[in-house]
Amino acid sequence: MSIIRLALPNRGRGGSGLALAMPAVLLLLAFFVIPVAMLLLRSITEPEPGLQNYAALVGSPTYAKVFLNTFFVAGIVTLITVLIAFPVAWALTIMPRPWAAVIFAIIILSMWTNLLARTYAWMVLLQQTGLINRILISIGIIDQPLQLTNNLIGVTIGMVYIMLPFMILPLLGVIRKIDPSILQAAALCGATRWQALTRVLLPLATPGIASGGLMVFVMSLGYFVTPSLLGGTANMMLAELIAQQVQSLVNWGMGGAAAFILLVVTLGLYAVQLRFFEAREGTR
Amino acid sequence: MTTPFLHINGLRKVYGNVVATDHVELAISKGEFMTFLGPSGSGKSTTLYILAGFQDPTAGDILLQGRSLLSTPSHKRNIGMVFQRYTLFPHLSVGENVAFPLRVRRAGKDEIDRKVKKALKLVRLDGFEDRMPANMSGGQQQRVALARALVYDPPVLLMDEPLSALDKKLREEIQFEIRRIHQETGVTILYVTHDQEEALRLSDRIAIFNKGKIEQVGTGPELYANPATHFVADFIGDSAFLGGELAAIADDRATLRFADGEVLAGVPLHGTGTAGDKAELMLRPERIELAAGPGREGATLPVVVEDVTFLGNNSTVTARTGWGDALTVRLNFGHPMIGSVARGDRLHVQWQPKDAHVFVKP
Ligand SMILES: Nc1ncnc2c1ncn2[C@@H]1O[C@H](COP(=O)(O)OP(=O)(O)O)[C@@H](O)[C@H]1O
Ligand SMILES: [Mg+2]
């Protein structure tokens with residue numbers, strides 16, 4: 001986020017601010033602006049000048065399906081992540097300190113564990129003869145193994161798991177700041193648990209839900225490893241499309257165009273979030 | 001005996017190995033202003049929290065009009081509460097904060113409008129409906145909290161040190177408002193504070209808490225004139241304690257011998273003791289007279305003046321007895337000795353025996 005802030009025009013700062021920001025600006029130029037500019041350039045010049053790459057991406061049903069998959073999965077993943085992360089963050093806030101510390105450590109450690117390893121672990125768990133199917137069959141919920149890998153279900157499960165910490169952390173940030181006596185006050189005012197949740201807790205946690213949700217959504221849009229391992233070839237997502245275009249087909253124009261669309265969507269979402277937060281801060 | 005309006009019956013609460021309250025027993029009448037006064041950690045909040053339903057007691061019961069509240073969850077107890085910390089809902093306007101209890105009770109729009117207006121008027125904040133809590137002072141926020149706690153006409157209002165975060169002047173202003181609101185609404189109030197002045201100013205009766213137990217219950221004047229224990233005597237009003245030994249006991253009068261051999265007879269005794277027990281003589285500063293020599297009537301002791309402080313409407317003289325205990329004497333403005341008393345003077349203090357109290361040391 002700080003990168004985005006720096007990239008935005010510097011409001012109300014003098015020349016000395018710019019001088020101080022020089023190293024960062026150079027770094028951004030070298031590793032961000034120039035590569036993106038080259039990508040953009042290649043997307044409108046290869047194989048020949050024009051917008052035909054973008055036209056193809058927008059026009060063809062095959063590519064449309066990739067975009068649809070990507071946004072659909074990212075949306076579902078975000079939703080499920082919020083639904084799981086909220087109770088987890090709440091439980092972490094109210095449970096006794098030592099327990100909360102242990103669970104918090106597990107969450108952080110899982111973020112540091114290799115992504116590939118964790119995704120492979122899910123492949124093993126989710127496959128037809130995997131643990132999850134065996135348990136479901138043995139307790140009699142199903143009698144045929146469910147198809148949980150090589151489709152969007154597998155992708156969703158795997159991505160929710162990977163994204164959870166990114167949702168839990170910002171939620172913890174806002175929920176920990178809520179004074180428990182505010183909820184006690186709500187209860188004495190006559191609010192049931194449900195009313196206290198929907199009328200007090202959720203509104204107060206909204207900034208955390210928004211920032212965590214946006215982060216998860218944007219990360220999900222660009223995810224590559226999990227969809228390619230758990231999603232199979234039939235359900236391609238945007239990151240896979242880009243990799244395929246560039247690596248297998250050496251089609252830099254098409255890959256660049258897809259990447260550029262992804263970048264624009266991402267930046268657009270961040271801009272919305274920045275506005276949202278600045279508007280909120282303004283009322284404080 | 002008739003059923004008390006609110007009966008706190010043998011309440012005990014244990015956290016791990018900490019006994020927060022023990023055998024708290026109190027009967028409160030309808031419309032009464034009852035204050036829990038005691039030092040920090042003496043179990044006042046715990047008692048209030050059990051009433052609110054945030055904690056379950058280890059033993060004992062809470063009865064409102066004869067019916068136990070313990071199995072009723074907080075949100076169904078219909079009790080109002082103002083907390084020590086600011087607990088307005090920060091995302092809701094003042095009007096919506098006060099409307100909250102009515103909204104969760106699914107009241108109609110007209111009723112909500114009418115009651116919110118009335119409650120805000122009661123705390124003198126009419127016209128503040130659209131303000132956000134963050135844009136209000138601490139005193140205003142606590143008044144909104146009071147309106148929110150009263151808008152649904154609860155039979156009992158709990159207040160847990162609601163003014164402790166405010167400065168002295170503002171505190172006194174709001175104390176005055178709370179008294180007025182109590183008179184206007186007739187609501188039964190349980191008020192917690194560690195500030196004796198606040199307790200004396202507000203309450204019909206005061207329960208003195210110490211180490212989880214109630215030491216004494218009574219009106220302010222009762223507690224001041226007849227403290228049952230050393231702790232109460234020390235907590236209400238500033239008093240001097242002179243250490244000595246019980247020499248003899250007759251009925252409820254004691255004879256006390258001090259370290260320098262000085263003997264006082266006929267002092268009211270609190271508690272039980274036998275000759276030889278360590279005891280303390282308690283004196284209120286405004287009951288002590290300062291004189292040049294030993295008086296003809298009453299009790300008297302020689303002292304050496306240690307310090308004189310002029311405080312406007314009175315002067316405070318700190319003096320020390322022959323065996324080293326300090327006591328203060330208050331001289332009202334105009335007292336002939338003001339101006340002449342000085343550090344190092346050898347004078348006498350005297351008082352009426354009935355104005356002193358002897359507490360046997362445990
Ligand atoms: N939730 C709790 N867990 C453990 N001990 C507590 C808890 N609440 C209060 N206590 C202890 O109980 C005693 C009484 O506390 P409290 O009722 O808050 O006192 P007061 O309100 O008079 O200051 C204190 O020793 C306090 O440390
Ligand atoms: Mg307290």
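The values are calculated or read from the model by the stated rules, or taken from the named source; none is laboratory data. Quantities reported herein were computed from a predicted structural model and do not represent experimental measurements. When we count neighbours, we look across all protein chains shown, and the Cβ atoms used for this are built from the backbone with ideal geometry, even at glycine. Please note that ligands, DNA and RNA were not included when accessible areas were found on the heavy atoms of the full protein model with its side chains. Shrake-Rupley method; radii C 1.70, N 1.55, O 1.52, S 1.80 Å.
Testing B:Thr72 on (1) within 14 Å of chain A (Cβ to nearest Cβ); (2) open to solvent by 30 Å² or more (accessible area, probe 1.4 Å); (3) touching a residue at least 60 places away in the same chain (Cβ under 8 Å), one condition comes back false. Which one is that?
With (1) within 14 Å of chain A (Cβ to nearest Cβ); (2) open to solvent by 30 Å² or more (accessible area, probe 1.4 Å); (3) touching a residue at least 60 places away in the same chain (Cβ under 8 Å) applied to B:Thr72, the lone miss is (3).
Taking into account only those residues within region B:50-63 that are within 25 Å of B:Gln142 (Cβ to Cβ) and open to solvent by 10 Å² or more (accessible area, probe 1.4 Å), which is farthest from the other protein chains (Cβ to nearest Cβ)?
Per the criteria, the residue is B:Gln55.
Exactly one of these conditions fails for B:Ala52: (1) within 16 Å of ligand 2 (Cβ to nearest atom); (2) modelled with pLDDT under 95; (3) among the small types (Gly, Ala, Ser). Give me its number.
(2)
Considering only helices (runs of 4 or more DSSP H) fully contained in region A:24-143, which possess at least 3 residues that are in contact (Cβ under 8 Å) with a residue 24 or more places away in the chain and of a type in the set (Gly, Ala, Ser)?
Details: elements: A:34-45, A:52-59, A:61-94, A:97-112, A:115-126, A:131-138.
Passing ranges, in order: A:61-94.
Among the candidates B:Val19, B:Val14, B:Val24, which residue alone is open to solvent by less than 40 Å² (accessible area, probe 1.4 Å), among the hydrophobic types (A, V, I, L, M, F, W, C) and either part of a loop (DSSP other than H, G, I, E, B) or within 12 Å of ligand 1 (Cβ to nearest atom) (or both)? I'd like the intermediate steps shown before the answer.
On the way: B:Val19 fails: open to solvent by less than 40 Å² (accessible area, probe 1.4 Å); B:Val14 fails: open to solvent by less than 40 Å² (accessible area, probe 1.4 Å).
Sole residue among the options that is open to solvent by less than 40 Å² (accessible area, probe 1.4 Å), among the hydrophobic types (A, V, I, L, M, F, W, C) and either part of a loop (DSSP other than H, G, I, E, B) or within 12 Å of ligand 1 (Cβ to nearest atom) (or both): B:Val24.
How many residues, within region B:187-197, are open to solvent by less than 60 Å² (accessible area, probe 1.4 Å) and away from ligand 2 (no atom under 14 Å from the Cβ)?
From region B:187-197, those open to solvent by less than 60 Å² (accessible area, probe 1.4 Å) are B:187-193, B:195-196; that's our starting set.
Checking the rest, the ones that are also away from ligand 2 (no atom under 14 Å from the Cβ) come to B:187-189, B:196.
Of the residues in region B:187-197, 4 are open to solvent by less than 60 Å² (accessible area, probe 1.4 Å) and away from ligand 2 (no atom under 14 Å from the Cβ).
For region A:155-197, give me the residue count where each residue is more than 10 Å from every other protein chain (Cβ to nearest Cβ), open to solvent by 30 Å² or more (accessible area, probe 1.4 Å) and among the hydroxyl-bearing types (Ser, Thr, Tyr).
The total comes to 1.
Just a yes or no: is a residue in region A:210-217 in a helix (DSSP H, G or I) and surrounded by fewer than 17 Cβ atoms within 10 Å (Cβ to Cβ)? Quick ask: steps written out before the conclusion?
Filtering region A:210-217 for residues in a helix (DSSP H, G or I) gives A:210-217.
Add one more test, that the residue is surrounded by fewer than 17 Cβ atoms within 10 Å (Cβ to Cβ), and what stays is none.
Within region A:210-217 (the criterion being in a helix (DSSP H, G or I) and surrounded by fewer than 17 Cβ atoms within 10 Å (Cβ to Cβ)), the answer is no, since none of the residues qualifies.
Can you name the condition, by its number, that A:Ile106 falls short on among (1) open to solvent by less than 60 Å² (accessible area, probe 1.4 Å); (2) under 19 Å from A:Ile84 (Cβ atoms)?
(1)
To keep it simple, each residue is scored yes or no on (1) among the charged types (D, E, K, R); (2) within 16 Å of ligand 1 (Cβ to nearest atom); (3) surrounded by fewer than 16 Cβ atoms within 10 Å (Cβ to Cβ).
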{"residue": "B:Glu129", "(1), (2), (3)": "yes, no, no"}
{"residue": "B:Leu150", "(1), (2), (3)": "no, no, no"}
{"residue": "B:Leu163", "(1), (2), (3)": "no, yes, no"}
{"residue": "B:Ile174", "(1), (2), (3)": "no, no, no"}
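Out of all the residues in region B:336-362, which are farther than 17 Å from B:Phe241 by Cβ and in contact (Cβ under 8 Å) with a residue 40 or more places away in the chain? Before you say what the answer is, go through the steps one by one.
Filtering region B:336-362 down to residues farther than 17 Å from B:Phe241 by Cβ leaves B:336-348, B:350, B:352, B:354.
Result: B:Met337, B:Val341, B:Gly344, B:Asp345, B:Arg346, B:Leu347, B:His348, B:Gln350, B:Gln352, B:Lys354.
Tell me which strands (runs of 3 or more DSSP E) are completely within region B:254-362 and hold 3 or more residues being modelled with pLDDT of 85 or more and either open to solvent by 20 Å² or more (accessible area, probe 1.4 Å) or farther than 24 Å from B:Tyr224 by Cβ (or both), or say none if there are none.
Values: elements: B:263-270, B:278-283, B:289-291, B:299-310, B:314-321, B:326-332, B:346-351, B:357-360.
Of the strands (runs of 3 or more DSSP E) lying wholly inside region B:254-362, those with at least 3 residues that are modelled with pLDDT of 85 or more and either open to solvent by 20 Å² or more (accessible area, probe 1.4 Å) or farther than 24 Å from B:Tyr224 by Cβ (or both) span B:299-310, B:314-321, B:326-332, B:346-351.
When you check B:Lys115 against the structure, is it facing chain A (nearest Cβ under 8 Å), without any contact (Cβ under 8 Å) to a residue 40 or more places away in the chain and either out of contact with any Pro (no Cβ under 9 Å at 6 or more places or on another chain) or part of a helix (DSSP H, G or I) (or both), yes or no?
Working: facing chain A (nearest Cβ under 8 Å): no; without any contact (Cβ under 8 Å) to a residue 40 or more places away in the chain: yes; either out of contact with any Pro (no Cβ under 9 Å at 6 or more places or on another chain) or part of a helix (DSSP H, G or I) (or both): yes.
It is false that B:Lys115 is facing chain A (nearest Cβ under 8 Å), without any contact (Cβ under 8 Å) to a residue 40 or more places away in the chain and either out of contact with any Pro (no Cβ under 9 Å at 6 or more places or on another chain) or part of a helix (DSSP H, G or I) (or both).
Using the structure shown, decide if B:Thr47 is assigned to a strand (DSSP E or B), in contact with a Leu (Cβ under 7 Å, 6 or more places away or on another chain) and away from chain A (no Cβ under 14 Å). Explain how you work it out, then say what you get.
Numbers: assigned to a strand (DSSP E or B): no; in contact with a Leu (Cβ under 7 Å, 6 or more places away or on another chain): yes; away from chain A (no Cβ under 14 Å): yes.
Against the criterion (assigned to a strand (DSSP E or B), in contact with a Leu (Cβ under 7 Å, 6 or more places away or on another chain) and away from chain A (no Cβ under 14 Å)), B:Thr47 does not qualify.
List the number of the failed condition for B:Val217; all other conditions in (1) in contact (Cβ under 8 Å) with a residue 40 or more places away in the chain; (2) over 25 Å from B:Val14 (Cβ atoms); (3) away from ligand 2 (no atom under 16 Å from the Cβ) hold.
With respect to (1) in contact (Cβ under 8 Å) with a residue 40 or more places away in the chain; (2) over 25 Å from B:Val14 (Cβ atoms); (3) away from ligand 2 (no atom under 16 Å from the Cβ), B:Val217 is out only on (2).
For every residue, the table says whether it meets (1) over 26 Å from B:Thr316 (Cα atoms); (2) of a type in the set (A, V, I, L, M, F, W, C).
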{"residue": "B:Asp252", "(1), (2)": "yes, no"}
{"residue": "B:Arg257", "(1), (2)": "yes, no"}
{"residue": "B:Glu262", "(1), (2)": "no, no"}
{"residue": "B:Gly271", "(1), (2)": "yes, no"}
{"residue": "B:Ala275", "(1), (2)": "yes, yes"}
{"residue": "B:Leu283", "(1), (2)": "no, yes"}
{"residue": "B:Arg287", "(1), (2)": "no, no"}
{"residue": "B:Pro294", "(1), (2)": "no, no"}
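List every residue pair whose Cβ atoms sit under 9 Å apart, with the two residues 6 or more apart in sequence or on different chains, where the first one lies in region B:153-178 and is closer than 25 Å to A:Cys189 by Cβ and the second, anywhere, is of a type in the set (Val, Ile, Thr) and open to solvent by 50 Å² or more (accessible area, probe 1.4 Å).
B:Asp153/B:Thr185; B:Leu157/B:Thr185
Condition test on B:Gly31, is it away from every other protein chain (no Cβ under 14 Å), open to solvent by less than 30 Å² (accessible area, probe 1.4 Å) and outside any strand (DSSP E or B)?
On the way: away from every other protein chain (no Cβ under 14 Å): yes; open to solvent by less than 30 Å² (accessible area, probe 1.4 Å): yes; outside any strand (DSSP E or B): yes.
So B:Gly31 passes the test.
Only one of these conditions is not met by B:Asp234: (1) in contact with a Lys or Arg (Cβ under 9 Å, 6 or more places away or on another chain); (2) of a type in the set (D, E, K, R); (3) in a helix (DSSP H, G or I). Which number is it?
(1)
Scan B:Leu88, B:Leu102 and give me the residue that is touching a residue at least 12 places away in the same chain (Cβ under 8 Å) and either more than 21 Å from A:Pro203 (Cβ to Cβ) or in contact with an Asp or Glu (Cβ under 9 Å, 6 or more places away or on another chain) (or both).
Numbers: B:Leu88 fails: either more than 21 Å from A:Pro203 (Cβ to Cβ) or in contact with an Asp or Glu (Cβ under 9 Å, 6 or more places away or on another chain) (or both).
Being touching a residue at least 12 places away in the same chain (Cβ under 8 Å) and either more than 21 Å from A:Pro203 (Cβ to Cβ) or in contact with an Asp or Glu (Cβ under 9 Å, 6 or more places away or on another chain) (or both) holds for just one of B:Leu88, B:Leu102, which is B:Leu102.
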